[in-house]
Amino acid sequence: MNRRTSVAAYTKIKDQGLLSTRRFQAYEALYHHGPLTAAECWKKCPGAQIDSIRPRMAELRDLGVIVEVGEKECSVTGMRAILWDVTEALPKKLDKKPSTTAEIKRLLIAARDLLKWSATNIRTQVAIGRPISEPGLKWLQNTEKFLAEADSHLKD
């Protein structure tokens with residue numbers, strides 16, 4: 001069968017470790033035996049669980065090293081399934097998601113900014129003589145404590 005990928009791309013991916021172990025296991029099965037469905041690919045990966053191979057298909061597609069080439073009845077499941085095959089590409093860099101810490105910091109800044117705006121609004125109401133309820137004043141005190149704590153954490 002005429003492979004759409006070059007031996008050079010496969011060799012570089014293998015030799016340079018450009019894919020994680022499970023991703024490479026699925027990629028290698030497709031390279032040698034493809035095109036395959038995800039379940040058929042799993043059958044070609046000794047020791048792997050189906051749930052460790054199936055998600056790799058979308059990851060490998062997003063990396064640009066495999067592509068959907070059609071559909072067929074899967075010989076493993078008997079169901080209609082996507083048929084995957086390798087491409088000539090090396091893995092492309094994906095945009096990284098922000099770390100949990102960075103996301104928490106971003107949300108803390110947004111919450112701090114919103115609370116600062118609300119606290120300023122309440123202080124303005126007090127300054128112009130508008131009555132503020134006891135719960136409103138309590139909220140303002142707690143908010144000011146939170147803002148001081150948030151600012152100290154954001155400096156780190």
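Just so it is clear, none of the values below were taken in a lab; they were calculated from the coordinates. None of the values given here were measured: they were computed from a predicted structure. Counting neighbours? That spans all protein chains shown, and the Cβs are built from the backbone with ideal geometry, glycine included.
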Practice problem: Kindly provide the set of residues from the stretch 51-70 that are outside any loop (DSSP other than H, G, I, E, B) and over 12 Å from A38 (Cβ atoms), ordered by number. | Solution: D62, L63, V67, V69, G70
Exercise. Scan T143, T101 and give me the residue that is more than 30 Å from F24 (Cβ to Cβ) and either touching a helix residue (DSSP H, G or I) at 6+ places or on another chain (Cβ under 6 Å) or not aliphatic (A, V, I, L, M) (or both).
Key: T143
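Do you know which residues across the stretch 2-25 are in contact (Cβ under 8 Å) with a residue 40 or more places away in the chain, assigned to a helix (DSSP H, G or I) and surrounded by 16 or more Cβ atoms within 10 Å (Cβ to Cβ)?
Filtering the stretch 2-25 down to residues in contact (Cβ under 8 Å) with a residue 40 or more places away in the chain leaves 3-6, 9-10, 12-13, 18-19, 23.
Next cut, assigned to a helix (DSSP H, G or I) only: 9-10, 12-13, 23.
Residues satisfying the conditions are A9, Y10, I13, R23.
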Quiz item: What number of residues in the stretch 63-88 are in contact (Cβ under 8 Å) with a residue 60 or more places away in the chain and in contact with a helix residue (DSSP H, G or I) (Cβ under 7 Å, 6 or more places away or on another chain)?
Solution: 3
Quiz item: What is the number of the single condition among (1) at positive phi; (2) in contact with a strand residue (DSSP E or B) (Cβ under 9 Å, 6 or more places away or on another chain) that E73 does not meet?
Solution: (1)
